[in-house]
Amino acid sequence: MSSLLLRGFVLGFAVAATPGPIFFLCLRRTLVSGWLNGLVSGLGVATADGFYAAVAAFGISAITTAVSGERRWLALGGGALLVVLGVRIALVKPKTTEAAFATGGGLGLAYASTLGLTITNPATIISFAALAATLSAGITGGYLRPSLLVLGVLLGSLAWWCVVAALGSGLRTRITARAVRVISTASGLTIMVLGLAAFVSAMLSS
């Protein structure tokens, strides 16, 4: 049983650690708004990873069919959202305090936004079939074994975002306000380009 938990942990950590627009978004939030905002944003990503892991591990065919059938439209929507978010991040001057996200509502928005972006993230959707095949291998029968695997994925993903939040928080105390603005602009442009690439790829797909 412990091997299933470890297997899920390693998989969740590896999936979360893959560079992409969500990584730049969470790192930017940590640098601009502090470690708590970055961690809560990462929790939203981990929740989405856990959701996909549960769908794969438990073989929920109705959700699998719905996600696969609407994959192109979800990818289009996710890519468009990333483009808009990237433009906004690149153009808006970042605050140097945590006031913007210090309230419960702000943290709730940070969580909900990364949850929604990860659910509709084209990269997540495209890799879903491979993830399903990996998670469902050898865990049929009962609920305990797939539950342990899903828990492992959730914990592994969350562990990665704890690392990002800790490293980002450490960097935040050592960089100037000008450097934060440069990083914020670069992150916004990166998110915009990756979102545009995903959008165009979804448009060209059959």
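The values are calculated or read from the model by the stated rules, or taken from the named source; none is laboratory data. Quick caveat, the model's predicted, so the values are computed rather than measured. Don't worry about glycine lacking a Cβ; one is built from the backbone with ideal geometry, like all the others, and counts go over all protein chains shown. Note: areas computed on protein heavy atoms with side chains; ligands, DNA, RNA excluded. Shrake-Rupley method; radii C 1.70, N 1.55, O 1.52, S 1.80 Å.
Before moving on, here are some points about what is shown:
- Evaluated against (1) of a type outside the set (Lys, Arg); (2) part of a helix (DSSP H, G or I); (3) surrounded by fewer than 20 Cβ atoms within 10 Å (Cβ to Cβ); (4) under 11 Å from the mean Cα position of the chain (by Cα), Leu6 falls short on exactly one condition, (4).
- For the range 187-200, the set of residues classified as farther than 30 Å from Arg7 by Cβ and open to solvent by less than 50 Å² (accessible area, probe 1.4 Å) consists of Ser187, Gly188, Thr190, Ile191, Gly195, listed by residue number.
- Every residue from the range 174-185 that is without any contact (Cβ under 8 Å) to a residue 12 or more places away in the chain and either more than 27 Å from Leu81 (Cβ to Cβ) or open to solvent by less than 60 Å² (accessible area, probe 1.4 Å) (or both): Arg174, Thr176, Arg178, Ala179
- Val45 vs. criteria among the aliphatic types (A, V, I, L, M), open to solvent by 30 Å² or more (accessible area, probe 1.4 Å), assigned to a helix (DSSP H, G or I) and modelled with pLDDT of 85 or more: no
- Test: residue in the range 140-157 that is modelled with pLDDT of 75 or more, surrounded by fewer than 17 Cβ atoms within 10 Å (Cβ to Cβ) and among the β-branched types (Val, Ile, Thr): no
Condition check ((1) open to solvent by less than 50 Å² (accessible area, probe 1.4 Å); (2) modelled with pLDDT under 85; (3) not basic (Lys, Arg)) across all residues:
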| residue | (1), (2), (3) |
| --- | --- |
| Pro19 | no, yes, yes |
| Arg29 | yes, no, no |
| Ser33 | yes, yes, yes |
| Ala54 | yes, yes, yes |
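- Positions within the range 163-173 being under 13 Å from Leu39 (Cα atoms) and crowded, with 17+ Cβ neighbours inside 10 Å, in sequence order: Val164, Ala165, Gly168
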